[in-house]
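The block underneath contains the structure these notes are about, expressed in structure tokens.
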Amino acid sequence: MTIKALSGNEAVAQAMRQIDPVVVAAYPITPQTEIVQLFSGFVSDGLVRTEFVPVESEHSALSAVVGAAVAGVRAMTATSSNGLALMYEVLHIAAGLRLPIVMPVVTRALSAPINIHCDHSDVMGARDSGWIILFSENAQEAYDNVLQAVRIGEHADVRLPVMVALDGFVLSHGVERVSLLEDAAVEAFIGEYQPTVDVLGDEPVTVGALALQDSFFEFRRQMAEGLYHAPRVIEEVGREFEGISGRPYGLVEAYRTEDARAVLVALGSTAGSAKEAVDLAREEGLRVGLVKVRAIRPFPAAALRELLGGCEVVGVLDRSLDYSGQGGALYTEVKAALHPLEGRPRARGFVYGLGGREIGMEDLVGLMRELVPSGADVTYLGVRE
Amino acid sequence: MYSLKELSKRPELFEAGHRACAGCGFPQAVRLVLKATEHPVVVAVATGCLEVTSTVFPYTSWNCSFVHNAFENVAATISGIEAAHSALPRYGKDVGPRHFIAFGGDGASYDIGLQSLSGALERGHRFLYVCYDNGAYANTGVQRSGATPRGAGTTTTPPGRFLDGKPQRRKDLTAIIAAHGIPYVAQAAISNWRDLVRKARRALDTDGPSFLNILTPCRLIWGTAPEETVDLVRHAVNSCFWPLFEVVDGRWKLNYKPKRRQSYVDWLRRQRRFAHLFDGRHDDLLAELEAEVEAAWRQLLERCGEVDDKS
Ligand SMILES: Cc1ncc(C[n+]2csc(CCOP(=O)(O)OP(=O)(O)O)c2C)c(N)n1
């Protein structure tokens, strides 16, 4: 194990170097660009054996990665925002063909107005494309998630692509202390890839056939089955990863929730700040806690019911809007998860940080002071009204 | 080169039983291209009639490996496969030689997938791209494409009081591809099968990207009878609408000069998509269309060094 000062992008690039995928096809977009550049450098310097395909667009990046994956090899790309939007069509194809592609997504607002800074509208817009989606709290988690994503996606019971989200600039460019595993430890952890499809093999195979009314539904049902298995696999892989790294991983992470009357639910880097805010609020005597959601696809509904069922109010932080008029996507889904509970807690939604608007410790602590069952259903934090 | 007898003995990689219409031109193009292969083949096909008629689950007409990804990304898809193949020896897994062939219709190639195609050619992947050009989007019901000849009626250029069919000229995709400076580019036709197979062979031997543009009639688009398919292509070639040529390492070479030139206007007359031009009130337009074909042919002769007098 080596400890280094790395940005999130550097940490992700290091994970990719250690995975040594057979094909990487990628296209630059802020704030992901550095990953492509660093990886190109590894290729030039012979630190990886990868064939790097410098495609002319993100649509082609994921299309080429799908091509490589049906050739039975590990293949990766990375993107942000408009690049992810441009891939939208192929996201569904990668999942539908059951290809365990791993893709870091450095989150950024979607245009218009154009804005290169962090929010989660890009990933949220792609959340129902059949991909498993993991969020990262810090650069360390981004690194750890990329490595675990290989195992999760490739698991025989899952066989689905995995997105690893890390917050644009906040994590991609912020430099942190990151503990890297030895190359050999990563090699042993990810193991040899066992593809289920290989167009380079000796037996001819037809991939991507036309499936009509008599078969399409069954393909989709099988895909859903893969997602149903994913929570168990995410937890199993997390435990195994803890064994080699000392860092535990599951679907969600609970922070000081045991006796909490009010619990915040958050994604990504904000979950890190929220932990500190919980500590500060507790010093004021407020019984508050935090649940960090790591996997948003599949959605950890059962785990959330367990953690949130006993509290009085849940405050859900969304760094995107879903335009249903009901707040943000995470809020809506948390409410749906709580719905089966008798005497469920009240849920309130807080939309924050769009287009990189900062959220400070005072905002979070203030929110917890306000987090009583009397406020509005949806609040826009830090916006000029 | 191969005789017909020899070709018939070579393995059939595109099998009977596909659901293309009687008289469809592309099955012949696909079979002839695949007949020219020597190694195991990986085919990628863009969304379109070839894809939907050949892989209706759980059936497949492909006796080689086949991938369909989407409409506009067949070149990017084959890039990824080729990249995997070229990297594998570095991982100690040499699977041996493979041919990589992408097929796309004119919609996939001239229009929506042109960026993906251009990018793959510029990057220099070792693959053959075959455009089967039937002159419109057949799969979605005969809409115009960048390859549709001027004057043709399609469902998005329906002849009417204000429109004489497609107003624009077709783009010259083969020349656009040649401008990429890739090692091998050719235009071929299913009527001239020997020339087509030779070109496919040459393309497959190329160490880098290669491109074939093949004219393949569609009876729905063209409005013609199935049994006329091959003769219509022959007529297209002899009218100089679809000349046979190749561009080898940047040098243009004419492969066929009709001994007896057939009339382009007569070729139009044979197809229902141009019927509205033969009401006696479109003679000026017909003359223009003929002049356009003639000008393009002259330009090609010049590119191929076939014009002696520079006057
Ligand atoms: C992104 C996208 N846009 C549109 C379509 C609908 N579509 C499917 S095939 C096709 C036309 C195909 O035309 P062409 O490439 O000429 O092939 P052909 O059908 O003539 O064989 C269209 C418009 C699609 N599948 N994907």
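The values are calculated or read from the model by the stated rules, or taken from the named source; none is laboratory data. In this text the structure is predicted, and so the values were computed from the model without any measurement. So basically every Cβ, Gly included, is an ideal-geometry build from the backbone, and we count neighbours across all protein chains shown. The accessibility values were calculated without ligands, DNA or RNA, using every heavy atom of the protein model including side chains. Shrake-Rupley method; radii C 1.70, N 1.55, O 1.52, S 1.80 Å.
Restricting segment B:110-140 to residues that are in a loop (DSSP other than H, G, I, E, B) and free of Cβ contacts under 8 Å to residues at least 60 places away in the same chain, the residue that is nearest to the ligand (Cβ to nearest atom) is B:THR140. When B:ASP266 is tested against the conditions (1) open to solvent by 20 Å² or more (accessible area, probe 1.4 Å); (2) within 25 Å of B:TRP193 (Cα to Cα); (3) assigned to a loop (DSSP other than H, G, I, E, B), the lone failure is (3). Scanning segment A:179-221 for residues that are of a type in the set (A, V, I, L, M, F, W, C), assigned to a loop (DSSP other than H, G, I, E, B) and loosely packed, with under 14 Cβ neighbours inside 10 Å returns a single hit, A:LEU212. Which helices (runs of 4 or more DSSP H) does segment A:33-97 wholly contain that include 2 or more residues that are at the interface with chain B (Cβ under 7 Å from one of its Cβ atoms) and touching a strand residue (DSSP E or B) at 6+ places or on another chain (Cβ under 8 Å)? Here the list reads A:58-70. Here B:VAL248 passes the criteria (1) under 25 Å from B:ALA75 (Cα atoms); (2) in contact with a Leu (Cβ under 8 Å, 6 or more places away or on another chain); (3) aliphatic (A, V, I, L, M) except the one numbered (2).
Within segment A:116-168, the set of residues being among the hydroxyl-bearing types (Ser, Thr, Tyr) and open to solvent by less than 10 Å² (accessible area, probe 1.4 Å) comprises A:SER129, A:SER136, A:TYR143.
So, B:VAL33, is that one surrounded by 19 or more Cβ atoms within 10 Å (Cβ to Cβ) and more than 16 Å from the ligand (Cβ to nearest atom) or not? Considered against the rule, which asks whether it is surrounded by 19 or more Cβ atoms within 10 Å (Cβ to Cβ) and more than 16 Å from the ligand (Cβ to nearest atom), B:VAL33 comes out as no. Evaluated against (1) open to solvent by less than 40 Å² (accessible area, probe 1.4 Å); (2) more than 16 Å from the ligand (Cβ to nearest atom), B:ARG202 falls short on exactly one condition, (1).
Taking the criterion of being at pLDDT below 95 and within 14 Å of another protein chain (Cβ to nearest Cβ), the residues of segment B:13-58 that qualify are B:GLU15, B:GLY17.
So in segment A:1-13, with the set limited to residues that are surrounded by 24 or more Cβ atoms within 10 Å (Cβ to Cβ) and in contact (Cβ under 8 Å) with a residue 60 or more places away in the chain, which one is nearest to the other protein chains (Cβ to nearest Cβ)? Ranking the qualifying residues of segment A:1-13, first place goes to A:VAL12. The residues of segment A:19-28 that are of a type outside the set (Gly, Ala, Ser) and open to solvent by less than 20 Å² (accessible area, probe 1.4 Å), listed by number, are A:ILE19, A:PRO21, A:VAL22, A:VAL23, A:VAL24.
Take the residues in segment B:58-69 that are touching a Ser or Thr at 6+ places or on another chain (Cβ under 6 Å) and not in a strand (DSSP E or B), then tell me which one is nearest to the ligand (Cβ to nearest atom). Per the stated criteria, the residue is B:ASN69. Looking across segment B:60-105, the residues that are more than 29 Å from B:ALA16 (Cβ to Cβ), facing chain A (nearest Cβ under 9 Å) and among the small types (Gly, Ala, Ser) come down to B:ALA76, B:SER79, B:GLY80, B:ALA83, B:ALA84, B:SER86, B:ALA87. Take the conditions (1) closer than 19 Å to B:ALA203 by Cα; (2) open to solvent by less than 10 Å² (accessible area, probe 1.4 Å); (3) away from the ligand (no atom under 11 Å from the Cβ); B:ARG10 misses just one of them, which is (2). Is there a residue being closer than 28 Å to B:GLU6 by Cβ, in contact with a helix residue (DSSP H, G or I) (Cβ under 7 Å, 6 or more places away or on another chain) and open to solvent by less than 10 Å² (accessible area, probe 1.4 Å) anywhere in segment B:149-158? Taking every residue of segment B:149-158 in turn, none turns out to be closer than 28 Å to B:GLU6 by Cβ, in contact with a helix residue (DSSP H, G or I) (Cβ under 7 Å, 6 or more places away or on another chain) and open to solvent by less than 10 Å² (accessible area, probe 1.4 Å). Listed conditions (1) in contact with a helix residue (DSSP H, G or I) (Cβ under 6 Å, 6 or more places away or on another chain); (2) more than 14 Å from chain A (Cβ to nearest Cβ); (3) more than 16 Å from the ligand (Cβ to nearest atom) are all met by B:ILE190, apart from (3). Among the residues examined, A:ASP198 does not qualify as more than 27 Å from A:PRO248 (Cα to Cα), touching a helix residue (DSSP H, G or I) at 6+ places or on another chain (Cβ under 7 Å) and assigned by TED's automatic domain parsing to the domain that holds A:GLY67. The condition of being touching a Leu at 6+ places or on another chain (Cβ under 9 Å), open to solvent by 10 Å² or more (accessible area, probe 1.4 Å) and within 16 Å of the ligand (Cβ to nearest atom) holds for only one of B:GLU72, B:GLU51, B:GLU38, that being B:GLU72. Residue under question is B:GLY80, and the condition is that it be without any contact (Cβ under 8 Å) to a residue 40 or more places away in the chain, assigned to a helix (DSSP H, G or I) and either under 18 Å from A:TYR27 (Cα atoms) or within 16 Å of the ligand (Cβ to nearest atom) (or both); does it hold? So B:GLY80 fits the description; yes. Here segment B:156-170 is the region considered, the condition is being of a type outside the set (D, E, K, R) and outside any strand (DSSP E or B), and the residue that is nearest to the chain's Cα centre (by Cα) is B:GLN168.
From the list A:ALA230, A:ALA211, the lone residue that is among the hydrophobic types (A, V, I, L, M, F, W, C) and touching a residue at least 12 places away in the same chain (Cβ under 8 Å) is A:ALA230.
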